[in-house]
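For reference, the structure discussed in these notes is given below.
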Amino acid sequence: MGWLGSNSLTGTVPTEMGALIQLSFLWLESSSLTGTVPTEMGALTQLTWLRLDSNSLTSTVPTEMGELTQLRRLRLDSNSLTGTVPTEMGALIQLSEL
């Protein structure tokens, strides 16, 4: 598990998070994170919950998010993301909350 949400975290989401391949939960919500969602997040294939909501993330949702095939819940709301939802996210057949 990785519950770091509702803190005063600042800066960007570290690309090194992609090395935490055994994580099943990653909650980084309700902080002051900026920058983009790292493409390296696509390596977290054991994730079932990912919360990056209520930050100040920008840019587009990376296509690598489509590799998170165990994901059941994904929250990216309350950011400043742009563009379209990647078609690769259609592979997230376990997803029940978006």
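Just to check I understand the Karplus step: with θ = phi - 60° and J = 6.51 cos²θ - 1.76 cosθ + 1.60, what whole-Hz values come out for region 42-48, glycine and proline as x?
Karplus values, whole Hz, x for Gly and Pro: x, 7, 7, 6, 8, 4, 10.
Given the Cα atoms of the chain, and with Rh set as the inverse mean 1/r over their pairs in the Kirkwood sense, what is Rg to Rh to two decimals? Mind dumping the intermediate values first?
Numbers: Rg = 12.0 Å, Rh = 13.1 Å.
On the Cα set of the chain, Rg over Rh gives 0.92.
State the Cα centre-to-centre distance between region 76-94 and region 8-44 in whole Å.
Using only Cα atoms to place each centre, the spacing works out to 15 Å.
How high is the relative contact order of the chain, given as a whole-number percent (alpha carbon pairs under 8 Å, six or more residues apart)?
Rounded, it is 24 percent for the chain.
Each reported figure results from applying straightforward, stated rules to the coordinates on display, with no laboratory input. Treat the numbers as computed from the prediction; the structure is a model and nothing was measured.
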